[in-house]
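**Student:** First the structure, then my questions, so here it is.
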């Protein structure tokens, strides 16, 4: 297959790695980059021997696929322009700030016959691929995603910045329609919510409890799943998985058998881009589709609405007190 001509819009923290991988993967040929910082664009372009384009419009005629890695607030505008030009797009998570924007990107991709993939990279973490065959129908899901504070990503709240990863993971397990969302959150170092907890009840009876913080002193990216016949623990940082199974033998007390698994050292972003290039070239549905990205944003806004409801309720309670 002829390598697809690739471009990257936004070559900061994540975008520079998109450029690096497009330049090295056999399925792509990096053509050029765009960034609001000309100096940064020139540095990345020089590293890979490609051209700096002043605007997205200048880059579009030269490429087949693009990664959009600008700040979240710019995802919709840039991705829309690329899709409208008939280009295949991988947009970093979240797909957009609002559900309306997300749905419009999905619609434009359909109308133009383009592949639209969303950069929920945890789906490509080797430990997730290793553990997924053991996941059936969880009755309780617990997610913790904690990190230290960084100015990067603070153009949106922690729900759209960090929790969105776990919302996508939970939805990828097909728990069914949402029945109720309860949540609380507070701003600490930024002007928006920096710590949030959400309890999501699904009509199937499954419950997901998610905690995200971007003002923690330590880091954690962990998913735990409780099923009727086992308990699974997935650590995305160490790429370690654990399966605890109940072992029942006649005439004996039940015991727990523990199996440890270790994911490989493959780079999730590389696996993600390879998957995107294959979907774009073959015209198949991407692993993390635009619809998947929109569903995660929709659930994120249900969490945000629940946080607002919680805050209003307790403000009224304080006034009465």
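**Student:** Being under 30 Å from residue 87 (Cα atoms) and surrounded by 15 or more Cβ atoms within 10 Å (Cβ to Cβ): is that true of residue 107 here?
**Tutor:** For residue 107, the condition - under 30 Å from residue 87 (Cα atoms) and surrounded by 15 or more Cβ atoms within 10 Å (Cβ to Cβ) - is not met.
**Student:** Failed condition for residue 225, given (1) under 20 Å from residue 159 (Cβ atoms); (2) buried (at least 21 other Cβ atoms within 10 Å of the Cβ), with all others met?
**Tutor:** Here residue 225 meets the rest and fails (1).
**Student:** Still on this model: Going residue by residue through the range 254-271, is there one that turns out to be exposed (fewer than 12 other Cβ atoms within 10 Å of the Cβ) and part of a helix (DSSP H, G or I)?
**Tutor:** no
**Student:** Something else now. In the range 90-104, how many are surrounded by fewer than 24 Cβ atoms within 10 Å (Cβ to Cβ) and closer than 24 Å to residue 38 by Cβ?
**Tutor:** Matching residues across the range 90-104 total 1.
**Student:** Could you tell me whether any residue of the range 176-186 is touching a strand residue (DSSP E or B) at 6+ places or on another chain (Cβ under 7 Å), assigned to a loop (DSSP other than H, G, I, E, B) and either within 23 Å of residue 126 (Cα to Cα) or without any contact (Cβ under 8 Å) to a residue 60 or more places away in the chain (or both)?
**Tutor:** Within the range 176-186 (the criterion being touching a strand residue (DSSP E or B) at 6+ places or on another chain (Cβ under 7 Å), assigned to a loop (DSSP other than H, G, I, E, B) and either within 23 Å of residue 126 (Cα to Cα) or without any contact (Cβ under 8 Å) to a residue 60 or more places away in the chain (or both)), the answer is yes, since at least one residue qualifies.
**Student:** Ok, one more. Determine, yes or no, whether residue 298 is at pLDDT 95 or above, more than 21 Å from residue 172 (Cα to Cα) and not in a loop (DSSP other than H, G, I, E, B).
**Tutor:** Judged against the criteria, residue 298 is not a match.
**Student:** With the structure loaded, tell me whether residue 41 is in the same structural domain as residue 274 (by TED's automatic domain parsing), free of Cβ contacts under 8 Å to residues at least 60 places away in the same chain, buried (at least 20 other Cβ atoms within 10 Å of the Cβ) and out of contact with any helix residue (DSSP H, G or I) (no Cβ under 6 Å at 6 or more places or on another chain) or whether it fails that test.
**Tutor:** yes
**Student:** Same structure, new question: Test residue 192 against the stated conditions and say whether it is closer than 16 Å to residue 301 by Cα, at pLDDT below 95 and either more than 18 Å from the chain's Cα centre (by Cα) or in a strand (DSSP E or B) (or both).
**Tutor:** It is true that residue 192 is closer than 16 Å to residue 301 by Cα, at pLDDT below 95 and either more than 18 Å from the chain's Cα centre (by Cα) or in a strand (DSSP E or B) (or both).
**Student:** Just checking, does the range 231-245 include any residue being surrounded by fewer than 17 Cβ atoms within 10 Å (Cβ to Cβ), more than 20 Å from the chain's Cα centre (by Cα), on the phi < 0 side of the Ramachandran plot and at pLDDT below 95?
**Tutor:** Taking every residue of the range 231-245 in turn, at least one turns out to be surrounded by fewer than 17 Cβ atoms within 10 Å (Cβ to Cβ), more than 20 Å from the chain's Cα centre (by Cα), on the phi < 0 side of the Ramachandran plot and at pLDDT below 95.
**Student:** Going by what's in this entry, would residue 87 be described as under 30 Å from residue 301 (Cα atoms), assigned by TED's automatic domain parsing to the domain that holds residue 13, touching a strand residue (DSSP E or B) at 6+ places or on another chain (Cβ under 9 Å) and surrounded by fewer than 20 Cβ atoms within 10 Å (Cβ to Cβ)?
**Tutor:** no
**Student:** Among the residues of the range 35-53, is there at least one that is within 30 Å of residue 300 (Cβ to Cβ) and within 23 Å of the chain's Cα centre (by Cα)?
**Tutor:** Yes, because at least one residue in the range 35-53 is within 30 Å of residue 300 (Cβ to Cβ) and within 23 Å of the chain's Cα centre (by Cα).
Listed here are the residues, each with its yes/no results for (1) crowded, with 18+ Cβ neighbours inside 10 Å; (2) over 25 Å from residue 310 (Cβ atoms).
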site: 150; (1), (2): no, yes
site: 170; (1), (2): yes, no
site: 177; (1), (2): no, no
site: 181; (1), (2): yes, no
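**Student:** From the list 70, 8, 33, 78, pick out the single residue that is part of a strand (DSSP E or B) and either in the same structural domain as residue 157 (by TED's automatic domain parsing) or closer than 17 Å to residue 118 by Cβ (or both).
**Tutor:** Of the residues listed, the single one that is part of a strand (DSSP E or B) and either in the same structural domain as residue 157 (by TED's automatic domain parsing) or closer than 17 Å to residue 118 by Cβ (or both) is 8.
**Student:** With the condition kept exactly as written, say whether any residue in the range 204-215 is free of Cβ contacts under 8 Å to residues at least 24 places away in the same chain and assigned to a strand (DSSP E or B).
**Tutor:** Among the residues of the range 204-215, not one is free of Cβ contacts under 8 Å to residues at least 24 places away in the same chain and assigned to a strand (DSSP E or B), which makes the answer no.
Residue-wise test of (1) touching a strand residue (DSSP E or B) at 6+ places or on another chain (Cβ under 9 Å); (2) assigned to a helix (DSSP H, G or I); (3) within 18 Å of residue 164 (Cα to Cα); (4) not assigned by TED's automatic domain parsing to the domain that holds residue 173.
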| position | (1), (2), (3), (4) |
| --- | --- |
| 103 | no, yes, yes, yes |
| 107 | no, yes, no, yes |
| 130 | yes, yes, no, no |
| 133 | no, yes, no, no |
| 143 | yes, no, yes, no |
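**Student:** Separate question: Buried (at least 21 other Cβ atoms within 10 Å of the Cβ) and more than 16 Å from residue 276 (Cα to Cα): is that true of residue 133 in this structure?
**Tutor:** no
The values are calculated or read from the model by the stated rules, or taken from the named source; none is laboratory data. As the structure is a computational prediction, the values presented were derived from the model and not from experiment. Note: ideal-geometry Cβ built from the backbone for every residue, glycine included; neighbour counts use all protein chains shown.
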